[in-house]
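Bear in mind these aren't lab numbers, they're just calculated from the coordinates by the rules spelled out. Just so it is clear, the model here is predicted, and its values are computed rather than measured. Because the Cβ atoms are built from the backbone with ideal geometry, glycine has one as well, and the counts that use them run over all protein chains shown.
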Amino acid sequence: MFESVEEFRDLRKKYNGKMFASGVPIFREFEEMEGRALQSGALDRKYKELIGIATSIVSSCCGCIEYHTGAAQAAGATRQEIMETMEQTIAFFLQLFRIYGLLRAGRPKKEQAARSHRDYI
């Protein structure tokens, strides 16, 4: 689909510009709300961006994953912190699917629910 991350970023920038130029106020309001939400407070910006990565993975938004990964790096997150955030998110997400599968199969037994996600990878 895209030949490079830069190509993707350029396209996102182009369409963000079109949204803001449209005059529809909700686009600018969302941008401002997101900016306020990501400011350091009780949680540093770095941790908020790591949460953004996790949320993006769960939402299956590739553009959001790319954006928050870059923003997390800019906020001081290390490669290891980013990779661990991704790993934990995927592991928790797989656990949800496993539990859902057990419930649909009518087998939500304690010993099955206690198994590790690694049994399914």
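Could you calculate the FRET efficiency of Met33 with Ala74 from 1/(1 + (r/R0)^6), where r is the beta carbon distance between them and R0 is 25 Å, rounded to 0.05?
0.80
Test of understanding: what is the full-extension gain from Asn16 to Phe2, defined as 0.36 nm times their sequence separation minus their Cα-Cα distance?
The span from Asn16 to Phe2 would gain 3.3 nm if fully extended.
Quick one: what Rg and Dmax do you get for segment 1-105 from the alpha carbons, in Å?
Every Cα atom of segment 1-105 included, Rg and Dmax give 16.3, 51 Å.
When the label point is put 7 Å from the Cα of Thr55 along its Cα-to-beta-carbon vector, which residues of segment 21-49 have a backbone N closer than 20 Å?
It comes to 26-49, nothing else.
Report the local net charge at Gln39: Lys and Arg +1, Asp and Glu -1, summed over other residues whose C-beta lies under 13 Å from its C-beta.
Surrounding charge for Gln39 is 0.
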